[in-house]
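A quick write-up on the structure given underneath.
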Amino acid sequence: MVGGNARKKEEEVGLDTMGSQQDGEKDRGDEVRSLDDLQELAGSTGRWNLTVIVLACFCTFTTLLNGLAYQFLGATPNYWCHMVPLVEANWTDEEIINFAIPSSSDRNMTENWSSCQIYDYNYTLAVQLGYQESVNNNRLFPKVGAPVTSCTSRDFNRTHYQSTIVTEWDLVCSRRALYSTTQAMVSIGDFIGSLVFGCLIEEIGRRRSMLLASAMAFVTGMVAAFSPTLYFYMVMRILISTFTIATDIVCVILCLEICSPKYRSHVGSLYSIPWALGYMMLPGLAYLVRDWQMLQIALTIPNVFSIIYIWTLPESPRWLVVHGKKEEALKVLTKAASVNGKTLPPEKDMLAAMDRINQKNTRKECEKEVGLWRQMVGKVQWFTAPLILPNLRKVALPVLFCWITTSMIYFGVSFSAINLSMNLYVYIFLGGLLEIPALLILWPMSIHLGRRKSMMFLFLVCAFTFLLIMLQQICIPDGQRLGRGCR
């Protein structure tokens, strides 16, 4: 009898506890007022969030490979005019350069040959006389005052590079402008990708945009490796950049959306570390693969691994809620809560919270009621809102200016190995290596000083550093000491 009373009492206590838990869950559901609150219920710092961020970081790791790869794809080895009669006569490269190519000495007494001109000699006669006799015959083949002429084809020193874009399509001398134009295609692609996918990710979602961009980045990268002409390759470079920048945009947005506001500074700062690792890996890959076509394929292959996104990458719960996909959002949040060891409120309370946040899909309903023209006007207004709305404009314009300035400096420095006469492989590796401490410094700065103060301080440091570099170039010409150069 005593045991029966005890069991009855335990059941009553259990029912009371269950009821209190359900009330607590209901209260938690009622307290949800924003998308951040909704994400907090499923967890914003758990194993699920970390898994998504790691998956996104893999995309960042591979994005850079096609961005800075033109340093190696378009490397310019030493070159000189192609002399058909002398080559057919089996003259060596050294003999051709010494005999037929004009040369001059710079201030360091270093002899440099002209890469685009030749002496206007009778090379048929030179072949008949032979190399040694032709070099010693100053009457027939004078070195001083001899007329020079341009050439239409060139030979390249293939000691370091088996082939590049430059050697493939002769992007030197009169065609040198095409070299810079080809590199500019990367920036054009970034611009197009930012505009197109900036709208597309809002329409079809983060996950679908990511899958589309990854698949197309692989396809265009492989097609580029077999480009029949330079202009076809330029088009492929635009498309490659369009889709690779899209993957980066989608991934960073997804990472920030699954984190609570207080952790976004952490994620935003550390998210780019894989970028630095890819930066460091690029010269090693280029050192092993010296043919530009094989290098293009090697840079593209990592996109194959993004196929894992089909099964593992979730859609952003925030995007699902905003677009009225409540059931799908609930599935994602339930999965996240399960992995993170969280317990969500009852399903009906979660759906009710989503309705409150989304205000019953007002945006979608309004679009259905208006005509196509009005929808198009609305899209344009939405797209230009950062420049039209005063409050957004005060932030958007300075940020846009900072991005333009930073891009000019960043890529200007990244592409300056040749101008600084440094080993290209070492220069690129050091550039990536220095990114890591820079990002680690930015991490605590953005948390403790805030974004605005951190940016102002770093811009001042950058300006001061470039001022020192400029003074060095002015005051230390040709390796002289500071005092002598500035007098």
Worksheet entry | Close pairs from segment 26-47: first closer than 10 Å to MET350 by Cα and part of a helix (DSSP H, G or I), partner among the acidic types (Asp, Glu) and modelled with pLDDT of 80 or more, Cβ under 9 Å, at least 6 apart | LYS26/ASP349; ARG28/ASP349; GLY29/ASP349; ASP30/ASP349
Item to complete: With the checklist (1) more than 22 Å from PRO77 (Cα to Cα); (2) more than 41 Å from the chain's Cα centre (by Cα) in hand, flag the one item SER187 doesn't pass.
Response: (2)
Response to the item:
Here the residues within segment 219-233 that are closer than 20 Å to ASP291 by Cβ and in contact with a helix residue (DSSP H, G or I) (Cβ under 9 Å, 6 or more places away or on another chain) are THR220, GLY221, MET222, VAL223, ALA224, ALA225, PHE226, SER227, THR229, LEU230, PHE232, TYR233
Worksheet item: Residues of segment 403-437 being at pLDDT 80 or above, in contact with a helix residue (DSSP H, G or I) (Cβ under 7 Å, 6 or more places away or on another chain) and either closer than 27 Å to SER269 by Cβ or open to solvent by 60 Å² or more (accessible area, probe 1.4 Å) (or both), which ones?
Response: ILE428, PHE429, GLY431, GLY432, LEU433, GLU435, ILE436
Discussion item. Open to solvent by 90 Å² or more (accessible area, probe 1.4 Å), in a helix (DSSP H, G or I) and either over 15 Å from TYR410 (Cα atoms) or out of contact with any helix residue (DSSP H, G or I) (no Cβ under 7 Å at 6 or more places or on another chain) (or both): is that true of ILE469 in this structure?
Written reply: no
Worksheet item: Would you call GLU315 within 25 Å of ARG208 (Cα to Cα), modelled with pLDDT under 75 and of a type outside the set (A, V, I, L, M, F, W, C)?
Response: no
Worksheet item: Out of (1) surrounded by fewer than 19 Cβ atoms within 10 Å (Cβ to Cβ); (2) touching a Gly at 6+ places or on another chain (Cβ under 7 Å), the odd one out for MET281 is which?
Response: (2)
Worksheet item: Just for segment 194-229: of the residues that are surrounded by fewer than 23 Cβ atoms within 10 Å (Cβ to Cβ) and of a type in the set (Phe, Trp, Tyr), which one is farthest from ILE310 (Cα to Cα)?
Response: PHE226
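Scan segment 269-288 and tell me whether some residue there is among the aromatic types (Phe, Trp, Tyr), outside any helix (DSSP H, G or I) and under 15 Å from the mean Cα position of the chain (by Cα). Give the derivation first.
The first filter runs over segment 269-288 and keeps only residues among the aromatic types (Phe, Trp, Tyr), leaving 271, 275, 279, 287.
Next, only the ones that are outside any helix (DSSP H, G or I) stay: 271.
Filter once more, keeping what is under 15 Å from the mean Cα position of the chain (by Cα): 271.
The answer is yes; a qualifying residue exists.
Quick one: how many residues across segment 236-268 are touching a residue at least 24 places away in the same chain (Cβ under 8 Å) and within 18 Å of the chain's Cα centre (by Cα)?
Result for segment 236-268: 21.
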Worksheet item: Among all residue pairs at least 6 apart or on different chains, which show Cβ distances below 8 Å where the first residue, located in segment 292-312, is under 18 Å from GLU168 (Cα atoms) and the second is charged (D, E, K, R) and part of a helix (DSSP H, G or I)?
Response: TRP292/GLU168
Item to complete: Select from segment 289-337 the residues that are open to solvent by less than 50 Å² (accessible area, probe 1.4 Å) and not in a helix (DSSP H, G or I) and write down the one among them that is farthest from GLY431 (Cα to Cα).
Response: GLY324
Practice prompt. Go over the candidates PRO390, PRO386, PRO398, PRO345 one by one and state the one that is at pLDDT 65 or above and in contact with a Gly (Cβ under 9 Å, 6 or more places away or on another chain).
Written response: PRO345
Worksheet entry | Members of segment 177-214 that are of a type in the set (Gly, Ala, Ser), assigned to a helix (DSSP H, G or I) and in contact (Cβ under 8 Å) with a residue 24 or more places away in the chain | SER187, GLY189, GLY193, SER194, GLY198, SER209, ALA213, SER214
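The values are calculated or read from the model by the stated rules, or taken from the named source; none is laboratory data. Quantities reported herein were computed from a predicted structural model and do not represent experimental measurements. A quick note on method: Cβ atoms are made from the backbone with ideal geometry, for glycine too, and the neighbour counts reach across all protein chains shown. For the accessible areas, the whole protein counts, side chains as well, though only heavy atoms, and no ligand, DNA or RNA atoms are used. Shrake-Rupley method; radii C 1.70, N 1.55, O 1.52, S 1.80 Å.
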